[in-house]
Amino acid sequence: GENVEQHPSTLSVQEGDSAVIKCTYSDSASNYFPWYKQELGKGPQLIIDIRSNVGEKKDQRIAVTLNKTAKHFSLHITETQPEDSAVYFCAATKTSYDKVIFGPGTSLSVIP
Amino acid sequence: GAGVSQSPSNKVTEKGKDVELRCDPISGHTALYWYRQSLGQGLEFLIYFQGNSAPDKSGLPSDRFSAERTGGSVSTLTIQRTQQEDSAVYLCASSSQTSQPQHFGDGTRLSIL
C-alpha cells in the first residue's frame, strides 16, 4: 500500500526566512497531494493541494512542487511569520482509492 | 457554521465505560473519515464511509471499536470497555468524494481515567 514519509519532523526558522518541508510517496499511481496545517487544539486545515498533472502551484506565500518521477513533493513557505507556527501534514491518494495516507507531520516554529 | 461538527469536544470517562463520539459532516459530503491522533503524533486512519457503507474498516484497532453512519450524514464512533490507551483526540473529516480535499472537525478529546 501507499506510504508517505515526511522530513524534517521539526523545523525552526527565523521570522522572514523560508521554510521547506519534503515528502516522498511510494505508490506511483497516487495523483492528489494535499497539505494540511494543524494549530494547537484544532483540526487540520487544508492550505494547498496539487494534482499530478501539474508540477507547481502557488498561493501567496505558499507553494508546492511535485516531482512525479522521483515521487517527491515539497511545501515552501516564504517570508515566514509567527502565525505560521503549527504542525504541517502532507498526504497522498489516488482517484477511486478509499484512503488518504498522511505523513507523520512537521512541527514548524517561527521565531520572532 | 457549515463546517464539520464533532461532539462532545471533550470527554472524560472511567476505564471500562463505553463512549460514543458524534460527527456531523458538511452537508452533501458523501465521504466521511475517522482518525485518531495521540498526543504529539500523526493521524492514524480508523475507518472510512462512502455513503452509509464502510469499504475500509482496516484501521479499527480492535473489536471494541465500531462505527456507523445513517442517512448518509451523521456518523458515530463507539468505543466499548474503554482502556487508558484509548485516550487521544478523535478527528472526523468529510469530503465531496475521495481524491477531493478533506475538511476536518476540531475533534473530540477523550481521556480515560
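We did not get these values from a lab; they are worked out from the coordinates using the rules stated. From a predicted model like this one, the values you see are computed outputs, not experimental measurements. We place every Cβ from the backbone using ideal geometry, glycine too, and count neighbours over all the protein chains shown.
In percent, how large is the relative contact order of chain A, given Cα pairs closer than 8 Å and 6 or more residues apart? Mind dumping the intermediate values first?
Values: 282 pairs, mean separation 41.7, N = 112.
After rounding, I find 37 percent.
Report, ordered by chain and residue number, the aspartates and glutamates lying within cross-link reach of B:Lys57, taken as a straight Cα distance under 16 Å and ignoring same-chain residues fewer than 8 apart.
Cross-link targets: A:Asp98, B:Glu44, B:Glu68.
Can you run phi through the Karplus equation (6.51, -1.76, 1.60; θ = phi - 60°) for segment B:45-53 and list ³J(HN,Hα) in whole Hz, with x for Gly and Pro?
5, 10, 7, 10, 10, 10, x, 9, 9
Would you kindly derive the ³J(HN,Hα) couplings of segment A:33-41 from the backbone phi angles with the Karplus curve 6.51 cos²θ - 1.76 cosθ + 1.60 (θ = phi - 60°), listing them in order in whole Hz, with x for Gly and Pro?
After applying 6.51 cos²θ - 1.76 cosθ + 1.60, I find 9, x, 10, 10, 10, 10, 8, 4, x Hz.
Looking at chain A only, what percent of DSSP beta bridges run antiparallel? Nearest 5 please. List each step's numbers first, then the result.
Values: 36 of 41 bridges.
Percentage antiparallel, nearest 5: 90.
Per residue of B:43-49, how many C-beta atoms from partner chains lie within 10 Å of its own C-beta, taken as a mean?
Working: counts 11, 1, 5, 0, 1, 3, 1.
Shielding by partners across B:43-49 averages 3.
Under a plain spin-label model, where a point goes 7 Å from the Cα along Cα-to-Cβ, how far apart in nm are A:Asp17 and B:Thr78?
According to this spin-label approximation, the distance is 5.2 nm.
Please list, ordered by chain and number, the residues whose modelled amide H lies under 5 Å from the amide H of A:Ser85; skip anything fewer than 5 residues away on the same chain.
Hits under the 5 Å cutoff: A:Val110.
Given the convex hull over the Cα atoms of segment A:1-96, what projected area results after averaging over all orientations, in nm²? The partial results should precede the final answer.
Values: hull surface 25.8 nm².
Hull-based average projected area comes out at 6.4 nm².
If you place +1 on the Cβ of every Lys and Arg, -1 on the Cβ of every Asp and Glu, and leave all else neutral, what size is the dipole of segment B:57-110 about its Cα centre, to the nearest 20 Debye? Present the calculation step by step, with values, prior to reporting the outcome.
On the way: 5 positive and 5 negative charges, 16 e Å.
Rounded to the nearest 20 debye, it is 80 debye.
Counting partner chain Cβ atoms within 10 Å of every residue's Cβ in A:38-44, what's the average?
Details: counts 6, 0, 0, 5, 4, 15, 11.
Average per residue, whole number: 6.
Take every Cα-Cα distance within chain B, group them into 10 Å bins from 0 onward, and report for each bin the whole-number percent of pairs it holds.
Using 10 Å bins, I get a P(r) of 16, 51, 29, 5 for chain B.
Where does each of B:Ser38, B:Ser87 land when they are ranked from fewest to most other beta-carbon atoms within 10 angstrom? Don't skip to the end; give the middle numbers.
Working: B:Ser38 12, B:Ser87 17.
Ordered by Cβ neighbours within 10 Å, fewest first: B:Ser38, B:Ser87.
From the Cα gyration tensor of segment B:4-64, with a ≥ b ≥ c the square roots of its eigenvalues, which class applies: rounded if a/c is under 1.5, or else prolate if a/b is larger than b/c, or else oblate?
prolate
Give a residue-ordered list of calculated ³J(HN,Hα) values for segment B:9-17 (Karplus: 6.51 cos²θ - 1.76 cosθ + 1.60, θ = phi - 60°; whole Hz; x for Gly, Pro).
6, 9, 9, 10, 8, 8, 3, x, 7
Give me A:Lys57, A:Lys94 ranked fewest to most by other Cβ atoms within 10 Å of their Cβ, as a rough exposure proxy. List each step's numbers first, then the result.
On the way: A:Lys57 15, A:Lys94 19.
Arranged by neighbour count, lowest to highest, A:Lys57, A:Lys94 become A:Lys57, A:Lys94.
Among A:His76, A:His7, which comes first, then next, by fewest other beta-carbon atoms within 10 Å?
The fewest-first ordering by Cβ neighbours comes to A:His7, A:His76.
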